[in-house]
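Below is one structure, written out as structure tokens, with a few remarks after it.
The values are calculated or read from the model by the stated rules, or taken from the named source; none is laboratory data. Since this is a predicted model, take the numbers as computed values, not measurements. Glycine gets a Cβ as well: all are built from the backbone with ideal geometry, and neighbour counts include every protein chain shown.
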Amino acid sequence: MDAHADKPIIPNVLLRQGETVKLGDDAANPQEISCDDIAKLALAMHDHSYFFSLCRGLSIRFSRDLNGSGTQGLFITKESNEADPPNLIQVLFRQTYDKDGEFLYEADLIMDRGKDYEPTVNKGKHRFMAEAAAMEIDWNSDETQQWRLDIERLSKSPDTLTGWIEDDLEMLVRCDSGFFCRKPAILTKKDLKQYIAAGLSLEDLKTRLKCSKCGQRRARIAAF
């Protein structure tokens, strides 16, 4: 069972699906955030969890099943030696059966039968929506604004090596062979400039990247 299963949602900012909260006191330019806004931020951070762990000191943990209900949870904390550090962001997701409705992602629906001698059940791909989201950190703090800027930068994917340099990006390289391979490699801007000087294109570089563990040439690249 999950260690977070019985942890309550932090009530600093707590929103359930369909709810919004106003931020600040500027009546002329009111700002609202919704449950989905927090969920989308957390999911984007999860997509770039290696960066946020290495560069922002965050621990991002995704749980496939809470209390055997099939509910999924995303928990973002500061990396700490504490046994149970407080969540900065916490989002609970539940499956939706509305084929025409909105959803945030698709994933396997995992359910724990609650018995040690019976394995968990994978009910296949389902669509998930945010059921509730909570933040212990101010949405407009310098830190969260930096996270949003990070996500905007990391979401870029230039189609040339020169474009990577112009956008001030390094390259995160992962093995995409399906094996449990080593941690990702990072190609710095200096590395990328050397490849450009050698006359390599982005496609040339992709064909040359080889996993040092499994030997496959199936690299998956992302901005870093």
note = Within the stretch 164-206, restricting to residues that are among the polar types (S, T, N, Q) and modelled with pLDDT of 90 or more, the one that is farthest from Glu152 (Cα to Cα) is Gln194
query = Based on what the data block shows, is Ser69 of a type outside the set (D, E, K, R), in contact with an Asp or Glu (Cβ under 8 Å, 6 or more places away or on another chain) and touching a residue at least 24 places away in the same chain (Cβ under 8 Å)?
reply = no
query = So which helices (runs of 4 or more DSSP H) stay within the stretch 142-199 end to end and still have 2 or more residues that are more than 24 Å from the chain's Cα centre (by Cα)?
reply = 161-166, 189-197
ask   = Somewhere in the stretch 45-66, is a residue in contact (Cβ under 8 Å) with a residue 12 or more places away in the chain, closer than 23 Å to Thr20 by Cα and under 10 Å from the mean Cα position of the chain (by Cα)?
value = yes
key: Qualifying positions in the stretch 157-179 - touching a Lys or Arg at 6+ places or on another chain (Cβ under 8 Å) and within 20 Å of Gly215 (Cβ to Cβ)   = Val173, Arg174, Cys175, Asp176, Ser177, Phe179
inquiry  = Suppose we keep only residues that are modelled with pLDDT under 90 and either in contact with a Pro (Cβ under 9 Å, 6 or more places away or on another chain) or not in a loop (DSSP other than H, G, I, E, B) (or both) within the stretch 21-43. Which one would you say is surrounded by the most Cβ atoms within 10 Å (Cβ to Cβ)?
reply    = Val21
ask   = Looking at the stretch 44-64, which of its residues are outside any helix (DSSP H, G or I) and more than 16 Å from Gln90 (Cβ to Cβ)?
value = His48, Gly57
message = Being out of contact with any Gly (no Cβ under 6 Å at 6 or more places or on another chain), crowded, with 17+ Cβ neighbours inside 10 Å and over 24 Å from Phe224 (Cα atoms) is the filter here; which residues of the stretch 44-77 pass it?
response = Arg64, Asp65, Gly70, Thr71, Gln72, Gly73
query = When the residues of the stretch 121-173 are filtered to those that are aliphatic (A, V, I, L, M) and without any contact (Cβ under 8 Å) to a residue 12 or more places away in the chain, which remaining residue is surrounded by the most Cβ atoms within 10 Å (Cβ to Cβ)?
reply = Val121
ask   = For the subset of the stretch 78-120 comprising residues that are of a type in the set (S, T, N, Q) and farther than 30 Å from Leu54 by Cβ, which member is surrounded by the most Cβ atoms within 10 Å (Cβ to Cβ)?
value = Gln95
request  = Tell me which of these Arg16 doesn't satisfy, since it passes every other one: (1) surrounded by fewer than 16 Cβ atoms within 10 Å (Cβ to Cβ); (2) at pLDDT below 90.
outcome  = (2)
ask   = So which residues in the stretch 207-222 are under 19 Å from the mean Cα position of the chain (by Cα) and either more than 15 Å from Leu154 (Cβ to Cβ) or aliphatic (A, V, I, L, M) (or both), if there are any at all?
value = Ile221, Ala222
query = So which pairs qualify, if the first residue must be in the stretch 195-214 and assigned by TED's automatic domain parsing to the domain that holds Asp176 and surrounded by 12 or more Cβ atoms within 10 Å (Cβ to Cβ), the second must be modelled with pLDDT of 90 or more and polar (S, T, N, Q), the Cβ gap must be under 8 Å, and the two must be at least 6 apart or on different chains?
reply = Ile196/Thr162; Ser201/Thr160; Leu202/Thr160
query = Would you say Glu118 is part of a loop (DSSP other than H, G, I, E, B) and without any contact (Cβ under 8 Å) to a residue 12 or more places away in the chain?
reply = yes
